[in-house]
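Q: Submitted below is the structure of interest, expressed as structure tokens.
The values are calculated or read from the model by the stated rules, or taken from the named source; none is laboratory data. Note that the structure is predicted; figures quoted are calculated from it, not measured. Neighbour counts run over all protein chains shown; Cβ positions are idealised from the backbone, glycine included. Side chains are part of the model used for accessible areas, which takes the heavy atoms of the whole protein and leaves out ligands, DNA and RNA. Shrake-Rupley method; radii C 1.70, N 1.55, O 1.52, S 1.80 Å.
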Amino acid sequence: MRGFLAKGLFAAALSLALGFFAGAAPVAGTQKTLQIYFIDVEGGQATLFVTPEGKSLLIDTGWPGNNGRDADRIAATAKDAGIKKIDFVLITHYHDDHVGGAPQLAAKIPVGTFIDHGENRETSDAGASRVFAAYQQLLSSGKYKHIIAKPGEVLPITGMQVRVVTADGELIERPLPGGGKENASCANAAKPPVDVTENPRSLGTLITFGKLRILDLGDLTSDKELDLMCPMNKIGVVDIYIVSHHGWLQSGSPALVHAIAPRVAIMDNGAKKGGSPAAWDVIAKAPGLENLWQLHYAEEGGDAHNVAATFLANLQGPDAGNYLKVTASADGSFEVFNSRTRETKKYEAKKN
Ligand SMILES: [Zn+2]
């Protein structure tokens, strides 16, 4: 790391000197942006954050099997981002579309630290037990640091702030800065039945980069959303909402989505997984929403419940694995790049 830093300083000094001699403005490419890749793992999650200093956080590892398809896609993305190692891998919960790909990933690219919510709480389910056991075996190799995260904690990654808001069914007790207002969307909210799977145990985080706020709650279900958001909105508003649970209807209640009022929502759905019309409608009606982006055209939604092609990374048809990428600046401005269309949409910083 020291060598990297020294090289970085040398490069900065060199570009400064060149800039001075040329009488030019700061050299392009030295801008300090956060990159966020929404990797297509076909209805699972794999979201890679890379800070301006090259520190990385991967939220979830996609599916197991498929000849290492998801590990390959994550490794290719890491290469695109210019990193050779993933510093932190955060596992939201122990379902195969989130933790299943961890062994294949770790065989493909070096990982520093795994972060999770602790024990598997869905021991009655064979699938959850199997992927949890494989993950435990990986941890028992002794090659990795391991953090069991608790609500309220800030994770030890530098260059952005990653604050835990939910973990193992527990929630932050006090509102975060920017939160604390009464939530009008709670008024008519009927409390859904308690979900007993791993989903409501999801390790959820609020990620802050300068003025930009990004919320990821994994597959947290609506029963927990109401605990977190009612009667008081403990989160406040966010800029980017990583749509919970792939846009499935068990998650994404108005009490959450309308209160956080995202400018942009990004849904990591698959063609046949997620993107339920009911959940899609809630996002579409969120106050202040500028755009919803989807990793896939959701077959369940039909044309009435899918965004325009510009905002879709993968259309109907063969699996192409296209991704979406956010590049964000500390002033709160950001842009979204669609790897299928090669087009970028810019979002100016909020005026306030
Ligand atoms: Zn999932």
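Q: Confirm whether Asp125 is within 16 Å of the ligand (Cβ to nearest atom), touching a residue at least 12 places away in the same chain (Cβ under 8 Å) and open to solvent by 40 Å² or more (accessible area, probe 1.4 Å).
A: Working: within 16 Å of the ligand (Cβ to nearest atom): yes; touching a residue at least 12 places away in the same chain (Cβ under 8 Å): yes; open to solvent by 40 Å² or more (accessible area, probe 1.4 Å): yes.
It is true that Asp125 is within 16 Å of the ligand (Cβ to nearest atom), touching a residue at least 12 places away in the same chain (Cβ under 8 Å) and open to solvent by 40 Å² or more (accessible area, probe 1.4 Å).
Q: Still on this structure, I have one more. Could you tell me which residue of the stretch 226-253 is most open to solvent (accessible area, probe 1.4 Å), considering only residues that are over 24 Å from Tyr297 (Cβ atoms) and under 17 Å from the mean Cα position of the chain (by Cα)?
A: Val237
Q: Scan the stretch 90-122 for residues that are within 16 Å of the ligand (Cβ to nearest atom) and assigned to a strand (DSSP E or B) and jot them down.
A: Listed by number, the residues that qualify are Leu90, Asp116.
Q: Quick check: is even one residue across the stretch 50-69 of a type in the set (Phe, Trp, Tyr) and out of contact with any strand residue (DSSP E or B) (no Cβ under 8 Å at 6 or more places or on another chain)?
A: Yes: the stretch 50-69 contains one or more residues that are of a type in the set (Phe, Trp, Tyr) and out of contact with any strand residue (DSSP E or B) (no Cβ under 8 Å at 6 or more places or on another chain).
Q: Mind listing whichever residues of the stretch 30-78 are part of a loop (DSSP other than H, G, I, E, B), within 15 Å of the ligand (Cβ to nearest atom) and among the charged types (D, E, K, R)?
A: Listed by number, the residues that qualify are Asp40, Glu42, Asp60.
Q: Moving to a separate point now. Would you confirm whether or not the stretch 134-141 contains a residue that is part of a loop (DSSP other than H, G, I, E, B) and either without any contact (Cβ under 8 Å) to a residue 12 or more places away in the chain or among the charged types (D, E, K, R) (or both)?
A: Scanning the stretch 134-141, I find at least one residue that is part of a loop (DSSP other than H, G, I, E, B) and either without any contact (Cβ under 8 Å) to a residue 12 or more places away in the chain or among the charged types (D, E, K, R) (or both), so the answer is yes.
Yes/no per residue for (1) farther than 21 Å from Ala265 by Cα; (2) free of Cβ contacts under 8 Å to residues at least 12 places away in the same chain:
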{"residue": "Ile157", "(1), (2)": "yes, no"}
{"residue": "Gln161", "(1), (2)": "no, no"}
{"residue": "Val165", "(1), (2)": "no, no"}
{"residue": "Asp168", "(1), (2)": "yes, no"}
{"residue": "Pro177", "(1), (2)": "yes, no"}
{"residue": "Ala190", "(1), (2)": "yes, yes"}
{"residue": "Val196", "(1), (2)": "yes, no"}
{"residue": "Lys224", "(1), (2)": "no, no"}
{"residue": "Asp227", "(1), (2)": "yes, no"}
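Q: Also: Quick one: is Ala184 of a type in the set (A, V, I, L, M, F, W, C), open to solvent by 40 Å² or more (accessible area, probe 1.4 Å) and either more than 16 Å from the ligand (Cβ to nearest atom) or farther than 24 Å from Phe38 by Cα (or both)?
A: Yes: the conditions hold for Ala184.
Q: Another question, if that's okay. Name the residues in the stretch 160-186 that are basic (Lys, Arg) and closer than 19 Å to Leu203 by Cβ, would you?
A: Arg163, Arg174
Q: Which members of the stretch 16-36 meet the condition of being at pLDDT 50 or above and either crowded, with 24+ Cβ neighbours inside 10 Å or more than 27 Å from the chain's Cα centre (by Cα) (or both)?
A: Result: Ile36, single match.
Residues checked against (1) surrounded by 17 or more Cβ atoms within 10 Å (Cβ to Cβ); (2) touching a helix residue (DSSP H, G or I) at 6+ places or on another chain (Cβ under 8 Å):
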residue	(1), (2)
Lys191	no, yes
Leu206	yes, no
Lys211	no, no
Ile214	yes, no
Leu217	yes, yes
Lys224	yes, yes
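Q: Moving on. For residues that are among the hydrophobic types (A, V, I, L, M, F, W, C) and either without any contact (Cβ under 8 Å) to a residue 24 or more places away in the chain or not in a helix (DSSP H, G or I) (or both), scanning just the stretch 79-89, find the one that is nearest to Thr61 (Cα to Cα).
A: So, considering only residues that are among the hydrophobic types (A, V, I, L, M, F, W, C) and either without any contact (Cβ under 8 Å) to a residue 24 or more places away in the chain or not in a helix (DSSP H, G or I) (or both), the one nearest to Thr61 (Cα to Cα) is Val89.
Q: Please report, ordered by residue number, the strands (runs of 3 or more DSSP E) entirely within the stretch 234-352 with at least 3 residues that are within 16 Å of the ligand (Cβ to nearest atom) and either free of Cβ contacts under 8 Å to residues at least 24 places away in the same chain or not β-branched (Val, Ile, Thr) (or both).
A: Ranges flagged: 291-296.
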